[in-house]
């Protein structure tokens, strides 16, 4: 009986078993690392919001962070709806789809003193007033900051706020929405807000564009520009 050969075979088997055990431990460690590191990273780049439709219906939607933009399917947002998104690492914003099918995105903080902006709780879901509040020509406020009222498109209609809600640039391409993670604010306001503190929701990059001059669709004679201020009547041809 060759005891040396038997012992050698057992040592070979033990080495194989040891390597198999190490491979199993390494695989389990890789899986744990994948779950611990990858899923939170993915969660940080996925944004969930609740679509609130004028008739009272609600649905959950998701945006993903791609190429420095929030991206999502346009069809997931019903006509006449508001969705409030509150990212952890970026400023919050409202996404509104008006009755004509167009989209607007705006800051959820007021340009007055940085107050939180909220939907008017007096608007009853399913009512005619609720539907009309999403019409571009409607003159009743949908949002408030405690001092000032704003239409569904962010235009200010009452109170001391110096200009409409700061817009988040948004485009629609091939059925998908692309939303900037920061709002366009007047350059001075972007650098310094109430009390000398920067407005965290504004794009403060060097060379960031000024917000566009725009007019209220409810009051076509009321326009605003970074240079001229609010409620400026533009000359007509």
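All of the numbers you see were taken from the coordinates with simple rules; none came from a lab. Keep in mind it's a predicted model, so treat the numbers as computed, not measured. Note that each Cβ is placed from the backbone with ideal geometry, even for glycine, and that neighbours are counted across all protein chains shown.
Can you give the FRET efficiency for residue 89 and residue 55, using 1/(1 + (r/R0)^6), R0 = 35 Å, r = Cβ-Cβ distance, to the nearest 0.05?
0.55
How are the Cα pair distances of region 67-124 distributed, in percent, across 10 Å bins from 0?
19, 48, 30, 3
For region 45-232, what does the equivalent ellipsoid look like in terms of its semi-axes, each the square root of 5 times an eigenvalue of the Cα gyration tensor, given largest first in whole Å?
Working from the Cα gyration tensor, I get semi-axes of 24, 21, 15 Å.
With an 8 Å Cα cut-off and a minimum separation of 6 or more residues, compute the relative contact order for region 45-232 in percent.
Relative contact order comes out at 17 percent.
Below 8 Å, C-alpha to C-alpha, sequence gap of six or more: please give me the relative contact order for region 41-89 in percent.
The normalised contact order for region 41-89 reaches 43 percent.
Evaluate Rg over Rh across region 94-185, taking Cα atoms for both radii and Kirkwood's formula for Rh.
Using only Cα positions, Rg/Rh for region 94-185 is 0.97.
What is the distance, in nm, between label points placed 7 Å from the Cα along the Cα-to-Cβ direction at residue 62 and at residue 123?
2.8
Quote the FRET efficiency, to the nearest 0.05, computed for residue 71 versus residue 221 with a Förster distance R0 of 35 Å and r equal to the Cβ-Cβ distance.
Computed FRET efficiency for residue 71 and residue 221 comes out at 0.45.
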